[in-house]
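*Asks:* Here it is: the structure, laid out below.
The values are calculated or read from the model by the stated rules, or taken from the named source; none is laboratory data. All values derive from a computational prediction rather than experimental measurement. Note: ideal-geometry Cβ built from the backbone for every residue, glycine included; neighbour counts use all protein chains shown.
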Amino acid sequence: MPLLIDAWSLPDPAQDLPADAGASRVAIFGGGCFWCTEAVYTAVAGVLEVRPGYAGDSSITADYRTVCTGRTNHAEVIEITYDPAQVTYGQLLKLFFGVAHDPTQKDRQGADVGRQYRSVIFYATPDEQAVAQAYMRQLDAAKIYSGPILTTLEPLTAFYVAEPEHHDYAARNPSNPYIAGVSTPKVKKLKHYFPHWLKAGR
């Protein structure tokens, strides 16, 4: 990831959703292969559940084989259910931009190329949209990256959960070369820069 500064210097969002106690909330992010982003957020304290899936197109094309053709408008995404009293939407965004993926790549993440691997935030409310927009402007103004942020903000119309074999894929397949080469380094980066955000025992 072409960070100009180390992740310790990544700013906190100046604007955020309130850290309310009570009901859980959901955030939906796409940052390349959902196996890898799922592995990052599963380790974060306050994250109650992470489900891989698809968003951006219709239910007719919401399956792995079809999405992998790159001919739909679906992105591989994760649905993050979280406790806003423990971790805020803005903090999830900070990990999205600082650990989970490279937001300066268009329609790809490394060797994974295609529309389905785009950097995208699907917002469910105007407040989520506003917080995400503000943070992206904040990062661009701070010149965090060597290139512009290419993350798109798209309204969420529906989330389609992925097939069972994709759930907890990294945890179940740690010796898979792709997981070892792409997913594991992201989790290591999370542990290195943000150990205070990890679940106990991680």
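*Asks:* So PHE159 fits all but one of (1) in contact with a helix residue (DSSP H, G or I) (Cβ under 9 Å, 6 or more places away or on another chain); (2) in contact (Cβ under 8 Å) with a residue 40 or more places away in the chain; (3) surrounded by fewer than 21 Cβ atoms within 10 Å (Cβ to Cβ); what number is the exception?
*Replies:* Exception for PHE159: condition (1).
*Asks:* Check whether at least one residue in region 116-130 is among the small types (Gly, Ala, Ser) and under 14 Å from the mean Cα position of the chain (by Cα), and report yes or no.
*Replies:* First pass over region 116-130, keeping only residues among the small types (Gly, Ala, Ser): 119, 124, 130.
Cutting the leftovers down to under 14 Å from the mean Cα position of the chain (by Cα) gives us 119.
Yes, because at least one residue in region 116-130 is among the small types (Gly, Ala, Ser) and under 14 Å from the mean Cα position of the chain (by Cα).
*Asks:* Checking the structure you have, find out if any residue of region 172-193 is part of a loop (DSSP other than H, G, I, E, B), surrounded by 17 or more Cβ atoms within 10 Å (Cβ to Cβ) and either modelled with pLDDT under 95 or not acidic (Asp, Glu) (or both).
*Replies:* No.
*Asks:* Looking at region 99-129 only, could you name the residues that are surrounded by 24 or more Cβ atoms within 10 Å (Cβ to Cβ) and out of contact with any Ser or Thr (no Cβ under 9 Å at 6 or more places or on another chain)?
*Replies:* VAL99, TYR117
*Asks:* Still on this structure, please answer the following. Suppose we filter ALA43, ALA39, ALA75 for residues that are among the small types (Gly, Ala, Ser), farther than 25 Å from PRO126 by Cα and touching a strand residue (DSSP E or B) at 6+ places or on another chain (Cβ under 6 Å); which single one remains?
*Replies:* ALA43
*Asks:* Identify the single condition in (1) among the aromatic types (Phe, Trp, Tyr); (2) in contact with a strand residue (DSSP E or B) (Cβ under 8 Å, 6 or more places away or on another chain); (3) assigned to a helix (DSSP H, G or I) that TRP8 does not satisfy, given that it satisfies every other one.
*Replies:* Here TRP8 clears every test but (2).
*Asks:* Got a sec? Which of GLN105, GLN133 is in a helix (DSSP H, G or I) and either touching a residue at least 12 places away in the same chain (Cβ under 8 Å) or on the phi < 0 side of the Ramachandran plot (or both)?
*Replies:* It is GLN133.
*Asks:* Six or more apart or on different chains, Cβ atoms under 7 Å: show the pairs whose first residue is in region 138-149 and over 17 Å from LYS94 (Cβ atoms) and surrounded by 11 or more Cβ atoms within 10 Å (Cβ to Cβ) and whose second is among the acidic types (Asp, Glu) and modelled with pLDDT of 90 or more.
*Replies:* Correct list of pairs: PRO148/ASP140.
*Asks:* For region 164-202, give me each residue that is of a type in the set (D, E, K, R) and in contact with a helix residue (DSSP H, G or I) (Cβ under 6 Å, 6 or more places away or on another chain).
*Replies:* Hits for region 164-202 are LYS186, LYS189.
*Asks:* Would you pick out the residues in region 20-48 that are more than 27 Å from ARG115 (Cα to Cα) and out of contact with any helix residue (DSSP H, G or I) (no Cβ under 9 Å at 6 or more places or on another chain)?
*Replies:* ASP20, ALA21, GLY22, ALA23, SER24, LEU48
*Asks:* Pull up region 162-171, narrow it to residues that are touching a residue at least 12 places away in the same chain (Cβ under 8 Å) and assigned to a helix (DSSP H, G or I), then point me to the one that is surrounded by the fewest Cβ atoms within 10 Å (Cβ to Cβ).
*Replies:* Of the residues in region 162-171, the ones touching a residue at least 12 places away in the same chain (Cβ under 8 Å) are 162-163, 166-171.
Cutting the leftovers down to assigned to a helix (DSSP H, G or I) gives us 166, 169-171.
Numbers: HIS166: 17, TYR169: 20, ALA170: 24, ALA171: 15.
The extreme case among them is ALA171.
*Asks:* Follow-up question, since we're still on this one. Suppose the filter is under 20 Å from VAL77 (Cα atoms) and of a type in the set (A, V, I, L, M, F, W, C); does LEU139 pass it?
*Replies:* Considered against the rule, which asks whether it is under 20 Å from VAL77 (Cα atoms) and of a type in the set (A, V, I, L, M, F, W, C), LEU139 comes out as no.
*Asks:* Here is a check on your reading of the model: is ILE60 free of Cβ contacts under 8 Å to residues at least 40 places away in the same chain and of a type in the set (Val, Ile, Thr)?
*Replies:* yes
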